[in-house]
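Encoded as structure tokens, the structure appears first; notes follow it.
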Amino acid sequence: MQRVRDLTIFKRIKEVREYEFGVFYFFDGLVISEMGEGATFDWEKAEKIISVAYEILGKDKPVAYISNRIHDYSVVPADWLKFYKNRHHLEFYSIVAYNKSGLASVILEKMFFRNKIRQFSDLEDAVQWSLAKVSEKMNMSA
């Protein structure tokens, strides 16, 4: 199991935000979450993180989001509908899961998330893939 703080990319961190429900790491074009054990990630919490991401990263750049599932927690999959209803957009979403329970909610999330959800078992791989995708997207719009 890998933690964000152990990665080489951690040297390039812009900001860390800790909440009672989890820790969020902000890099250029990348947000990584490590939710707390037993937390429920719902729209109210997502809105908080979205506004912080806009504040730190801006609204006009592509962003990848990685859910580093080091703990068991739940997601309210239908809240993705609220995400889209509020005109938010997420370019790339990946999940790093280390066990079956970490992947369980992915099936439900896939029903509501409009783009493809990438699954990884290695955080470093997820970071490399995400940064490459963000870079491609930036080059296409340049």
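The values are calculated or read from the model by the stated rules, or taken from the named source; none is laboratory data. Owing to the predicted nature of the structure, the values given are computational and were not obtained by experimental measurement. Glycine also receives a Cβ, built like all others from the backbone with ideal geometry; neighbour counts cover every protein chain displayed. Calculation scope for accessible area: heavy atoms of the full protein, side chains included, ligands and nucleic acids excluded. Shrake-Rupley method; radii C 1.70, N 1.55, O 1.52, S 1.80 Å.
The distance between label points at Val52 and Gln119 comes to 2.8 nm (points 7 Å beyond Cα on the Cα→Cβ vector). Within the accessible area of the chain, the carbon and sulfur atoms contribute 51%, probe 1.4 Å, all protein chains present.
As I understand it, the dipole of the chain uses +1 on the Cβ of Lys and Arg and -1 on the Cβ of Asp and Glu, about the Cα centre. Which of Val23, Met138, Gln2 lies farthest toward its positive end? Projecting each Cα onto the dipole axis, the largest value belongs to Met138. In summary, the helical segments of the chain meeting the span-like criteria, namely a full DSSP H run, a Cα extent along the axis of 15 angstrom or more and a mean Kyte-Doolittle hydropathy of at least 0.5, are 100-112. Working from Cα pairs under 8 Å separated by at least six residues, relative contact order for region 3-142 is 22 percent. Could you tell me which of rounded, prolate or oblate describes region 1-81, using a ≥ b ≥ c as the square roots of the eigenvalues of the alpha-carbon gyration tensor, with rounded for a/c under 1.5 and, failing that, prolate when a/b is larger than b/c and oblate otherwise? Verdict is oblate for region 1-81.
Beta-bridge orientation, the chain: approximately 40 percent antiparallel, per DSSP, counting only bridges with both partners inside.
When the Gaussian network model of the chain links Cα atoms closer than 10 Å, the mean-square fluctuations of Leu81, Leu30, Leu57 top out at Leu81. When nucleic acids and ligands are ignored and a 1.4 Å probe is applied, Glu20 ends up with an accessible area of around 150 Å². Solvent-accessible surface of the chain, taken per residue with a 1.4 Å probe and all protein chains present: 56 Å². Rounded, prolate or oblate: pick one for the chain, where a ≥ b ≥ c are the square roots of the eigenvalues of its C-alpha gyration tensor, a/c under 1.5 means rounded, and failing that, prolate if a/b is larger than b/c, else oblate. Taking the square roots of the gyration eigenvalues as a ≥ b ≥ c, the chain is rounded. Summing Cβ point charges (Lys, Arg +1; Asp, Glu -1) relative to the Cα centre of region 15-142 gives a dipole of roughly 620 debye.
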